[in-house]
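Heads up: the structure comes next, in structure tokens.
Every number here is computed from the coordinates shown, using simple stated rules; none is lab data. Computed from a prediction, not measured in an experiment: that's the story for all the values here. Here the Cβ positions follow ideal geometry from the backbone for every residue, glycine too, while neighbour counts run over all protein chains shown.
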Amino acid sequence: MKVKITGLLLIFSVVVGMAQQKKWTLEECVYYAVENNLTVAQYELDLENAKIDQSDALGALLPNLNGTLQASANTGLALDPTTNNLVSATIFSAQGDLTSSVTLFDGLRNYNRIERAKLSGIANQYRLDDIKDDIRLSVANAYLQVLSNKESLKVFKAQLAVTEQDLKRTNELVESGVVARGDLLELEATAAGQEQQIINSQSLILISRINLAQMLGITDYENFDIAEEEFDIPPSDILDNSAKVIFDKALTFRNDIKFAFSGVELAEKDLEISKGAKYPSLGAFINYNTRYSDQNNDPFTGEKIPLKDQLYINDGISYGAQMSIPIFNGWSVRNSIKRSQISVDIARIEYERTMLQLETDVNQAYVDVTSFYKAYEAAQKTLEARSLAYQYSKERFDVGLMNSFDFSQAQSRVDNAEAELIRTKYDYIFRLKILEFYFGIPISLE
């Protein structure tokens, strides 16, 4: 038994350790965020409400059935409900009825309410999917920010390692009297600045990791981390398509466009419902009722008629139909129609505005991909030039032809160029993913 318990504890500790060491990929982060986001959960409940509304609208077409039971006692002069005679006595009576009614015609309002409930369910699904799209982009941006900060940290550590080697060599030259101690102090200041960069970079990594974890709804910030992978500029032929082609395709599947268009359909259906109030409504009903009184006696024997017999003797059925004709209601029907028409116009404007905004976003994303890639290429060229200048400066510094201040400046320019290259790289990747997303390509770093 002890061996079994020890084995189980060992397995549990291994599982926990593996869970704590899990490294999240972008695809895992996107999927987890969509499945666990609180806003998504809220809109999923709205979708459930829309389905209930559809059931309500369908139920309004069906006949209803309601029953009532009533019992009373009277002392003194009272009306016997079974004979409609006044009696002076203590009387106990009861009655019950079943009533069913159905709307036969109401200007097609009930039918249009069913159609509206269906449209509402579809609209809520589009809204939910649009929220998920926004979450995917936000998570991708946060994920790339963590990657960018981690890559910057690696660069800063590598730069510090090079500076430490220069410090060691310069210290030897100082002790041998080849160079002045001021050169050593300048390099020490450079190393201290690089150490500060490393500390700041580590803080940025922690903050960006927490930000990403919060998007995923994960509270164990300390053990949350992303996969340690190197990402180069991903290949893409998205720019082979014009911005107009990308926009036209986005119109066919973007959920924000579908949601805006469903708003127009809902407003038009509300207008039809409002117009239905102009027409007469026709309904039918049927009612079954019966009653009992303890004063109801057999006229021949004088004995009290049993409950069962009274329910049979005193029952009855009534049925009929009624029509309601709207003649004048203080212009409420007319004003309701006008309000519904205004809502249709507002929904159409919103639909046009959403399409215009999408076209603007696609064009902006298209321009961003081009400009950010050019910025990345410029950063590459700058880094190459700064690196060559640094190597030349290092050669001069090593033979004593350059002082430590100028050498530190050359190294600082390389540091800045490397940081700029990392920033422009991930800026370009994110803009590329946005443009691809508008074209229907799922978010992935592969």
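Tabulated values for the structure
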item: Net charge dipole size for the chain [Lys, Arg +1 and Asp, Glu -1 on Cβ; Debye, nearest 20]; result: 1000
item: Listed values [x] 39.9, 143; [y] 25.2, 85; [z] 20.7, 64, entry calculated as Rg and Dmax of the Cα atoms in Å; result: [x]
item: Distance between modelled label sites at residue 196 and residue 360, nm, 7 Å Cα→Cβ extension; result: 4.2
item: Additional length obtainable on full extension of the chain from residue 370 to residue 72, 0.36 nm per residue less Cα span; result: 98.7 nm
item: Neighbour net charge for residue 269 - beta-carbon separation under 13 angstrom, K R +1, D E -1; result: -1
item: Angle between the chain longest axis and helix 243-253 axis [Cα atoms, degrees, rounded to 10]; result: 40
item: Estimated 222 nm signal from helices in the chain, with DSSP H stretches of n ≥ 4 weighted -39500 (n - 2.57), rounded to 500; result: -24000 deg cm²/dmol
item: Cβ-derived FRET efficiency at R0 22 Å, residue 56 paired with residue 285, nearest 0.05; result: 0.55
item: Crossing angle, helix 181-216 versus the chain [Cα axis fit, 0-90 degrees, rounded to tens]; result: 20
item: Using alpha-carbon coordinates, inclination of helix 332-398 to the longest axis of the chain, degrees; result: 20
item: Rounded to 5, the percent of DSSP beta bridges in the chain classed as antiparallel; result: 95
item: Bins of 5 Å from zero: percent of alpha-carbon pairs in the stretch 214-272; result: 4, 11, 10, 9, 10, 12, 15, 13, 9, 4, 3, 1
